[in-house]
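Below is one structure, written out as structure tokens; comments come after it.
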Amino acid sequence: KNKINIAIDGPAAAGKSTISKRVAEKLGYVYIDTGAMYRAVTLHVLNTGKGVADNLDDVDIRFSNDENRSIYLNGNDVSAEIRSPEVTANVSEISSLKMVREYLVQMQRIIAAEKGVVMDGRDIGTTVLPEAELKIYMKASPEIRAERRLEEERERGVDVDLSTLIQQIIRRDDLDMTREISPLKKADDAILLDTSHMSIEEVESTIIRMAEEVL
Ligand code: C5P
């Protein structure tokens, strides 16, 4: 069977990573969370306090090959740290920098070169993998996305309120959709999937069906 690449884009907390992980597992593909890569660069900047433009050469980012898909920054597992409120609050600004995008997009293209990749992010269908055989743009209302995120945070023992989460999500989407370089946008040939009233299982099986049609 021929392998394809699947691009999954959409706004914050739309469920992209949960779904992408499951789809990749089902197909025996590799899951790549590009948001985690931007978060790792942001963590590096926050930790070192250095300007990004001149020090990307000493930023080494890797994923573990196991099902956890842990992310390593210069040899350290930073999977938990990149989800901190501080990183989340700063990631859109760092992600808007040309140097950062060029560096990570190049890495992402190399990873996807052999096909069999499910990659989620903001600009995968438009910029990173414009030739991807299947492109999905996932959307859901800010309220529903915030509710899903709230449940996740509570499971992790983090105490946040819904209105704060809604505001954070709207702010991050706004920054990501209005930046100059490869803003968040549905690719013309991406399939729009409104997951507002779909369960995780329904979204997963819908995408698997679409992938099987292309395969
Ligand atoms: O997917 P996640 O919410 O973890 O992404 C964090 C941030 O990384 C996004 O809000 C966006 O600013 C940036 N990002 C990006 N391009 C991608 C993936 C993420 O600019 N392909």
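Below are the figures for this structure:
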{"read-out": "Beta bridge orientation in the chain: antiparallel %, DSSP, nearest 5", "value": "25 percent"}
{"read-out": "Neighbour cut-off at most 16 other Cβ (10 Å), DSSP loop, GluC sites (Glu not before Pro), the range 129-214", "value": "131, 133, 180"}
{"read-out": "Pairs of alpha carbons in the range 139-215 whose separation is greater than 17 Å (percent)", "value": "60 percent"}
{"read-out": "Taking the range 95-215 and dividing mean pair separation by its residue count, relative contact order in percent (alpha carbons under 8 Å, at least six apart)", "value": "35 percent"}
{"read-out": "For the range 33-103, fraction of C-alpha pairs farther apart than 15 Å, in %", "value": "48 percent"}
{"read-out": "Calculated [θ] (222 nm, deg cm²/dmol) that DSSP helices of n ≥ 4 give over the chain, each run adding -39,500 (n - 2.57)", "value": "-15000 deg cm²/dmol"}
{"read-out": "Relative contact order of the chain, pairs being alpha-carbon contacts under 8 Å that are 6 or more residues apart, as %", "value": "34 percent"}
{"read-out": "Counted charge near residue 196, where neighbours are those whose Cβ lies closer than 12 Å (Asp, Glu -1; Lys, Arg +1)", "value": "-1"}
{"read-out": "Total charge dipole magnitude, the chain, about the Cα centre, Cβ charges on Lys, Arg, Asp, Glu only, Debye to nearest 20", "value": "260 debye"}
{"read-out": "Shape parameters for the range 1-132, alpha-carbon atoms, Rg then Dmax in Å", "value": "14.2, 47"}
{"read-out": "Three-way shape call for the range 171-215 based on the alpha-carbon gyration tensor, with the a/c threshold at 1.5", "value": "oblate"}
{"read-out": "Listed residue (184, 166, 104) projecting farthest to the positive dipole end of the range 97-194, Cβ model", "value": "104"}
{"read-out": "Heavy-atom surface of the range 119-215, accessible at 1.4 Å and reported per residue (Å²)", "value": "56 Å²"}
{"read-out": "Fraction of accessible area attributable to carbon and sulfur, the range 1-118 (%, probe 1.4 Å)", "value": "47 percent"}
{"read-out": "Net charge of neighbours whose Cβ lies under 12 Å from the Cβ of residue 62, counting Lys and Arg as +1 and Asp and Glu as -1", "value": "-1"}
{"read-out": "Anisotropy class of the range 65-215 from Cα gyration tensor, a/c 1.5 cut", "value": "rounded"}
{"read-out": "Length-normalised contact order of the range 1-129 in % [C-alpha pairs under 8 Å, at least 6 apart]", "value": "46 percent"}
{"read-out": "Accessible area of residue 92 in the full protein assembly, 1.4 Å probe (Å², nearest 10)", "value": "10 Å²"}
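The values are calculated or read from the model by the stated rules, or taken from the named source; none is laboratory data. The shown structure was predicted, so the numbers you read here are calculated from the model rather than taken from an experiment. Positions of Cβ are generated from backbone atoms using ideal geometry, with glycine treated the same way; all protein chains shown enter the neighbour counts. Accessible surface is based on the protein model in full, side chains and every heavy atom, while ligands, DNA and RNA are left aside. Shrake-Rupley method; radii C 1.70, N 1.55, O 1.52, S 1.80 Å.
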